[in-house]
Amino acid sequence: MAWTRDEMAARAASELRDGFYVNLGIGIPTLVANYIPAGMHVTLQSENGMLGMGPFPYEGEEDADLINAGKQTITELDSSSYFSSADSFAMIRGGRIALSILGGMQVSEKGDLANWMVPGKVVKGMGGAMDLVAGVKRVVVVMDHVEKSGAPKLLKACTLPLTGAGVVDLLITDLGVFEINRGKSPLKLTALASGVTLDEIKAKTEAEFEVGL
Amino acid sequence: MAGKTQKDAAEALAGVLFDGMTIMAGGFGLCGIPENLIAAIRETGVKNLTVVSNNCGIDGFGLGVLLESGQIKKMISSYVGENKLFEKLYLSGELELEFNPQGTLAERIRAGGAGIPAFFTKTGVGTLVAEGKETREFDGELYVMERGLTADLAIVKAHTGDAEGNLVYRKTARNFNPMMATAGKVTIAEIEHLVPIGSLDKDNIHTPGIYVDRIFQGASFEKRIERVTTRPREEKASA
C-alpha cells in the first residue's frame, strides 16, 4: 500500500514551521495547505504577486483580478499584500521564502530536479520553478515514485532537461521519504510508506541510497 | 502639449504599430491583460510580431487571438501550457519561442526599463536556460548573465488611472504590468476607470505617469477567468 496524494501532502506539511513564508506548486503541493497544523502561522506566497493566500472563494464570489499561480480563483486574508512579478521574484531569489514544495518528473541522487519539459513532446515552460529552486532556502519535491510505465523517477542522473542542478533537499514519493541535501551527502531513505518494503522501494529506484529508517 | 488621453484602443494605437516590431503585453494568464488593445491590434493586421508576455492567452482569448490570426512570429514567455494552438504552431515550426524563467523574465524587463543592460542571477545555472550565456562566480556561487529587455511598444492594463498617466493596479492583476510600463519605447495603458486628476492617492500610485505615453478607458472588459475554483458554503448549523 503506497501513500495517497493526501497522505503525501500531509507528510510534506510536516516540513512547515511556525512563521514560515511558503510557496506551494501546482498539484499535490497545493493540497499541503489543507494540512497546516492548527495554531501554526504559515504565510502562503503566490508567485504571480501575493502574500497571504486565502481559501477558494464561495461560488458567485470569484474575482477575475484575484488568482493564484495556477490561475485558480482565490481569496485574500486581512494580512494579505499584493506586489509586482519583479518584487515577487526578488523575495524568492533573495532567499526570503523558507520553503518551496513542488512537483517533479525526475530527481537525481545529486539533488537535480527535472519538472518542466519533455523534448519534442510537452511544450509548457518552466514558469517560476527555476527561480524557486534557485532561490528558496529549502526545496521539497513531491512526486510519484515511478512513471505510469513503471520506469523509475529517482535516478542516478536525470535524462530530462533540468529545472535546477543540486537543488532538492527532500523528496517525498508515494513509497517513502528521501533526504537528498542538495547532493552534499549521500541519498538516504528516512521513511517508508505504510505497507511498503525496503525490497520494493529498492526495486523501483535506480539511484543508490543509504537506509536510515 | 498634446494630452495623453485617447478615445479608445484604436486611437491609442494610431501611428505606433509596424510589421516586425516587439510588443510587451502585461498580464498573468488572463488576469490583468490589456484585452481592448489586443483586440485592436488584431484589427490592424500588423504582423511578424515578437511578443513578450508571461503567457500567450488561451485558445480564442487574450494573446491567443493574435496566434489565430497568424500575427505573432515569436513569443518570449515563461509558460504557455494553456494553449493548444500554441503547441501546434510551435511543434510545426511556424512559431518561434524563447522560454525565460518567470523571475528572470520579470527582472529582464525591470532592468531594461531601468537602463540596466544586463545582470547576473542564480536562476537557470546548469540548465538549458544558461546555454550560450556568460557565467561568473561571485562569493563562491555560479551565476548566469541575463540581458535587460525593452520593446518598441508596451501595452499594459490597470484598474484606475488619470490623464497624467498615473496608474493603480488591483490585486493580482498587477503582475508584469508595472515593469512593462517602464520598458516600452511607447507605453499605452488601458484602464477600467479614468478618474479626474487629483483624485488618486499620491502616496499609492503604482506606475507614475512619466512611463505612460497614452491612456484610455477600455470600452468593455470581459475579464474572463481561466480556472473558476470555488469551495462549498458551510452547512448551516442544524437547529
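The values are calculated or read from the model by the stated rules, or taken from the named source; none is laboratory data. Model, not experiment: these values are computed from the prediction. Neighbour counts run over all protein chains shown; Cβ positions are idealised from the backbone, glycine included. Side chains included, ligands, DNA and RNA excluded: accessible areas come from the protein's heavy atoms. Shrake-Rupley method; radii C 1.70, N 1.55, O 1.52, S 1.80 Å.
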- [ ] Tell me which residues, restricted to region A:49-67, are within 24 Å of A:ALA13 (Cβ to Cβ), surrounded by fewer than 23 Cβ atoms within 10 Å (Cβ to Cβ) and facing chain B (nearest Cβ under 8 Å).
- [x] A:PRO55, A:PHE56, A:PRO57
Task: Residues satisfying the stated conditions in region B:1-44, i.e. open to solvent by less than 10 Å² (accessible area, probe 1.4 Å) and of a type in the set (Phe, Trp, Tyr) - done: B:PHE28
Task: Odd one out for B:ARG108, checked against (1) within 10 Å of chain A (Cβ to nearest Cβ); (2) open to solvent by less than 20 Å² (accessible area, probe 1.4 Å) - done: (2)
Open item on the list: Given the options A:THR190, A:THR173, name the one that is within 20 Å of A:SER100 (Cβ to Cβ), polar (S, T, N, Q) and surrounded by 23 or more Cβ atoms within 10 Å (Cβ to Cβ).
Closed with: A:THR173
Open item on the list: Take the residues in region B:138-190 that are within 13 Å of another protein chain (Cβ to nearest Cβ) and among the β-branched types (Val, Ile, Thr); name whichever of them is farthest from B:PHE28 (Cα to Cα).
Closed with: B:VAL144
Task: region A:118-145 - residue that is open to solvent by 40 Å² or more (accessible area, probe 1.4 Å) and either at pLDDT 95 or above or not in a loop (DSSP other than H, G, I, E, B) (or both) and, of those, farthest from the other protein chains (Cβ to nearest Cβ) - done: A:ASP144
TODO: Residue by residue through region A:16-30, note down the ones that are part of a helix (DSSP H, G or I) and within 9 Å of A:VAL142 (Cβ to Cβ).
DONE: A:ILE28, A:PRO29
Open item on the list: Every residue in region B:71-105 that is open to solvent by 20 Å² or more (accessible area, probe 1.4 Å), under 19 Å from the mean Cα position of the chain (by Cα), more than 7 Å from chain A (Cβ to nearest Cβ) and farther than 13 Å from B:GLU146 by Cβ, please.
Closed with: B:LYS73, B:LYS74, B:GLU82, B:GLU96, B:LEU97
- [ ] Within region B:160-182, work out how many residues are open to solvent by 10 Å² or more (accessible area, probe 1.4 Å), part of a strand (DSSP E or B) and under 18 Å from B:ALA9 (Cα atoms).
- [x] 1
Open item on the list: If I go through region A:165-204 residue by residue, how many of them are touching an Asp or Glu at 6+ places or on another chain (Cβ under 9 Å) and part of a loop (DSSP other than H, G, I, E, B)?
Closed with: 15
TODO: Output the residues belonging to region B:45-56 that are out of contact with any Ser or Thr (no Cβ under 7 Å at 6 or more places or on another chain) and either in a strand (DSSP E or B) or modelled with pLDDT under 95 (or both).
DONE: B:LEU49, B:VAL51
Task: Residue that is most open to solvent (accessible area, probe 1.4 Å), among those in region B:117-137 that are among the hydrophobic types (A, V, I, L, M, F, W, C) and within 12 Å of chain A (Cβ to nearest Cβ) - done: B:LEU128
TODO: Tell me which residues, restricted to region B:183-209, are crowded, with 17+ Cβ neighbours inside 10 Å and among the small types (Gly, Ala, Ser).
DONE: B:ALA183, B:GLY184, B:ALA189, B:GLY209
- [ ] Tell me, yes or no, whether region B:64-77 has at least one residue that is on the phi > 0 side of the Ramachandran plot and modelled with pLDDT under 95.
- [x] no
Open item on the list: It is to be established whether one or more residues within region B:144-151 are part of a strand (DSSP E or B) and open to solvent by 70 Å² or more (accessible area, probe 1.4 Å).
Closed with: yes
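Here's the yes/no breakdown for (1) of a type outside the set (Val, Ile, Thr); (2) over 26 Å from A:GLY164 (Cβ atoms); (3) open to solvent by 60 Å² or more (accessible area, probe 1.4 Å); (4) more than 7 Å from chain B (Cβ to nearest Cβ):
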residue	(1), (2), (3), (4)
A:GLU47	yes, no, no, no
A:ALA69	yes, no, no, yes
A:SER79	yes, yes, yes, yes
A:SER88	yes, no, no, yes
A:ARG96	yes, no, yes, yes
A:TRP116	yes, no, no, yes
TODO: Could you tell me whether A:ILE101 is under 15 Å from the mean Cα position of the chain (by Cα), within 11 Å of chain B (Cβ to nearest Cβ) and within 19 Å of B:GLY103 (Cα to Cα)?
DONE: no
TODO: Determine, yes or no, whether B:PHE216 is open to solvent by less than 70 Å² (accessible area, probe 1.4 Å), aromatic (Phe, Trp, Tyr), under 22 Å from A:MET50 (Cβ atoms) and at pLDDT 95 or above.
DONE: no
Task: B:GLY20, sole failed condition from (1) small (Gly, Ala, Ser); (2) more than 23 Å from B:ARG174 (Cβ to Cβ); (3) out of contact with any strand residue (DSSP E or B) (no Cβ under 8 Å at 6 or more places or on another chain) - done: (3)
TODO: Determine whether region B:220-235 contains at least one residue that is buried (at least 20 other Cβ atoms within 10 Å of the Cβ), within 29 Å of A:MET117 (Cα to Cα) and within 14 Å of another protein chain (Cβ to nearest Cβ).
DONE: yes
